[in-house]
Amino acid sequence: MPSPPFKKILIANRGEIALRVICACRELGIKTVAVYSEADRESLHVRFADQAVCIGPAKSTRSYLDIPSVISAAEITNVDAIHPGYGFLSENAAFAEVCLESGIRFIGPRPDVIHAMGVKERARRLMKEAGVPILPGSDGVLKSAEEALEVAGHIGYPVIIKASAGGGGRGMRVVREPADLPANFVQAQQEADAAFGCPDVYLEKFITRPRHIEFQVLGDTHGNVEVLGERECTLQRRHQKLIEESPSPSVSADLRSRTAETLQTALRAVGYSNAGTVEFLMDEDGSLYFIEVNARIQVEHPVTECVTGVDLVKAQIQVAAGARLSDILPNPITMRGHAIECRINAENPDTFAPSPGRITGLNLPGGIGIRVDTWVYTDCVVPPYYDSLIAKLIAYGRNRGEAIDRMNRALDMFVVEGIHTSIPLHRRILATKEFLTADFDTNFIARFLAASRPGKN
Ligand code: MV4
């Protein structure tokens, strides 16, 4: 093996993504340090890391989100780099800055780029300047309700007001007529200030029945950016994705290559390095419009790995250590086959209430075309303090039909006893004609649940 890019990496996360990073490190010959809260003492990421440091109590603000605790653990164990995973500190520019100041490589974009992408209105302007299509809307932050009325009058209703510091569906308000705009504008500002400590809001044309499509990007520290196709992430409930796939059934080869080319130029211009995701909405005409950039590895990255053959986490580590994309990626990057991911959550499939507790029986499916990224095992305890994701079930095949067949049989053979999971919900969704024909928009899950509620049907 060539000499490893780093000697030792700390993983500032928990759950399946912490294990996913450990897998990449082991293949690269890199030692690992796990950090864990008191609730995660028995976790597999603790067991499979070379070293582990307890960084605080169960509550994440006092453990996984506590910057001084994470940095202390990194200094005590003398790591070269920190992988933040997703969530927690992954898009915290101040954390990335502290890492660098402490002489620890942060496995992600530069702090200034993380910060720029986190200011949604600024990311929107940057992408527009770089030639990426955006929705009609305000040119930056709205200064007053009067300005909001003028812009909305110009572009036409409905419009959506978004918090510049928001993202992922937080801090948004749909306005359907001018009479409702002034009050919503003020409330949106107040909510944004309360939630994010910043009252800035901007406005866009509201797409009523969008599809959510995101492009995977990867940049190195030498100014090169590559695009690794897209993912279809339309199937969500309350901004929580349920099922993702790659390629998107609604993106043509032509739209894919044109979008990839535009993104490559745009992200080079902003100096983007490491893994990232560029989110778009697709309107009913099939046009894509930029909405935001996520400056991290995402939960659903495995579907891209399945169809491109690229280990994205390994690539993140390699580019953070200074590798050139031309030395680590296939040329050209191609997409082959089809992959689908079901997020298996510890929750009641009818009420969506969290279902923490002990897993008393477990069978993980396997076999050809199946990948399971998980952190659970028989007799483990799912704590109530964190997100409810217990496993990602990924099925891939030569085409979408084969991937669906494999997903169905893997869901049937996936057994979790002792807690409730979303497995039954996935089986119902996969049986719909809308899923089979990929004829859906972001409102589909809500419509499906309303139509199939117990009592109805
Ligand atoms: C929108 C929109 C319609 N029009 N923007 C939600 C998540 C955040 N990233 C952006 N979101 C939306 N932005 C305009 N101009 C509808 C949504 C939206 C949504 C987007 C993707 C997936 C699911 C969604 C559910 C509700 C609303």
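A short reminder: the numbers here are calculations on the coordinates, not readings from a lab. Only a predicted model underlies this, so the values are computations on that prediction, with no experimental measurement involved. Positions of Cβ are backbone-derived with ideal geometry, glycine not excepted, and every protein chain shown enters the neighbour counts.
Computed values, structure above
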read-out: Three-way shape label, region 211-452, alpha-carbon gyration tensor, a/c 1.5; value: prolate
read-out: Cα-based shape type of region 368-457, given that a ≥ b ≥ c are square roots of the gyration tensor eigenvalues and the cut on a/c is 1.5; value: oblate
read-out: Helical contribution to [θ] at 222 nm, DSSP H n ≥ 4, -39,500 (n - 2.57), averaged over the chain, rounded to 500; value: -10000 deg cm²/dmol
read-out: Computed lengthening from ASP327 to ASP379, 0.36 nm per intervening residue step minus Cα-Cα distance; value: 14.4 nm
read-out: Check: the chain dipole with +1 on Lys, Arg Cβ and -1 on Asp, Glu Cβ, in debye; value: 820
read-out: Reach of LYS314 by Cα under 17 Å, taken over aspartates and glutamates that are not fewer than 8 positions away in the same chain; value: GLU16, GLU27, ASP80, ASP220, GLU226, GLU300, GLU305, ASP327, ASP373
read-out: Links that overshoot a 20 Å alpha carbon limit, given the list LYS120/LYS143; LYS8/LYS59; LYS205/LYS433; value: LYS8/LYS59; LYS205/LYS433
read-out: Enclosed volume per residue, in Å³, of the convex hull spanned by Cα atoms of the chain; value: 147
read-out: Length added when fully stretched, LYS7-SER102, from 0.36 nm per residue minus Cα-Cα; value: 32.5 nm
read-out: Prolate/oblate/rounded label for region 36-75 (Cα gyration tensor, a/c 1.5); value: oblate
read-out: Relative packing of 399-411, 116-128, 5-17, which averages over residues the other C-beta atoms within 10 Å, highest first; value: 5-17, 116-128, 399-411
read-out: Sparse-neighbourhood loop sites, chymotrypsin sites (Phe, Trp or Tyr not before Pro) in region 331-399 - DSSP loop, at most 12 other Cβ within 10 angstrom; value: none
read-out: Estimated FRET transfer efficiency when R0 is 25 angstrom, pair ARG170-ALA94 (beta carbons, to 0.05); value: 0.85
read-out: Extension gain from ASP139 to THR432, taking 0.36 nm per residue of separation minus the Cα-Cα distance; value: 101.4 nm
read-out: SER252-THR351 FRET efficiency (beta carbon distance; Förster radius 35 Å; 0.05 resolution); value: 0.35
read-out: For region 120-138 versus region 299-337, the gap between their alpha-carbon centres in whole angstrom; value: 27
